[in-house]
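Participant: Below is a structure I'd like to ask you about.
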Amino acid sequence: MGTQETASAATVTQITPGVRQVSVGVPFRSHVYLIDGPDGLVAFDAAIKGTGPAILAAAGGRLERVILSHSHIDHRGGAGELGAPIYCHPDEVADAEGDAGLSYTDFSRIGNERVRQVLPQLLAAWDGGPVTIAGTITDGEQVAGFRVIHTPGHAPGQIALFRESDHLLIAADAIYTLDPETGQPASARVPHPFSNWDTEMARESIRRLIPLDATSVWTGHAQPVTGDDIAEQLERAADYEREHAPG
């Protein structure tokens, strides 16, 4: 599944030649994906404020551009520290240059009282603030050998990257493999409703990923989705319902 090394407080995993996962941030790890492109190194996502130096160290000091999977704070937070033009889907520009989707975030939907109280404070600490979007990328465009797939729901302009040559899918937060209620790794599931723009649309976006027949699915946090039953895992992720109501 890849080899790992540590670089300047980041855990770097070589997924395939030319694609690395850079895991940064505490106590909640976010993944940035470094992809070799024809014009230089592309960063897919930017984690949280303060992680820019570690990401740049893993990148060898320079990036050609930064592409946000979506604008939430734990994905745009370090973008302004990376010294490269920032791109996103057109439907995400307003939030990337604005409040990072907090307008539709509903912390009251978190059942764990401690997480419900602490998470707004963490997000405030992680927020690098609005970023300037240099350009947009849309569904079907090519990025360093990957096809852009619009996966709205968790955010209106969320995107994933899919490579036809080896069926590698970088899904970011289209799929969670972490339970925010406990902070523990979990089976693949639809993102938690508290942070979703439209949870039912998020389910449909997962279902649209199933026919891609991905060989592995790399997420924005926690572990990738792997194995011989990825399609079945994604079907269960789309159908996932939380077992308890907020309270």
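Participant: Percent relative contact order of segment 172-247, based on C-alpha pairs within less than 8 angstrom and at least six residues apart?
Facilitator: Computed value for segment 172-247: 35 percent relative contact order.
Participant: Tally the DSSP beta bridges in the chain and give the antiparallel ones as a percent, rounded to 5.
Facilitator: Bridges in the chain are about 75 percent antiparallel.
Participant: In whole percent, what relative contact order does segment 133-202 give with Cα contacts below 8 Å and a gap of six or more residues?
Facilitator: Normalised by residue count, the contact order of segment 133-202 is 26 percent.
Participant: At what distance in nm do the modelled label points of residue 11 and residue 124 sit from each other, each positioned 7 Å from its Cα along Cα→Cβ?
Facilitator: 3.0 nm
Participant: Please state the relative contact order of the chain as a whole percent: Cα pairs under 8 Å, 6+ residues apart?
Facilitator: Answer for the chain is 15 percent.
Participant: At a 10 Å Cβ-Cβ cut-off, how would you order 232, 92, 64, fewest neighbours first?
Facilitator: Lowest count first: 232, 64, 92.
Participant: For the pair residue 57/residue 28, report the inter-label distance in nm, with labels modelled 7 Å from Cα in the Cβ direction.
Facilitator: About 2.4 nm separates the two model spin labels.
Participant: Here's a follow-up. Once you charge only the Cβ atoms, +1 for Lys and Arg and -1 for Asp and Glu, what is the size of the charge dipole of segment 103-247 about its Cα centre, to the nearest 20 debye?
Facilitator: In debye, rounded to 20, segment 103-247 gives about 340.
Laboratory data are not the source of any read-out in this text; all were calculated from the coordinates shown. On a predicted model such as this, the values are computed, not experimentally measured, just so you know. Glycine also receives a Cβ, built like all others from the backbone with ideal geometry; neighbour counts cover every protein chain displayed.
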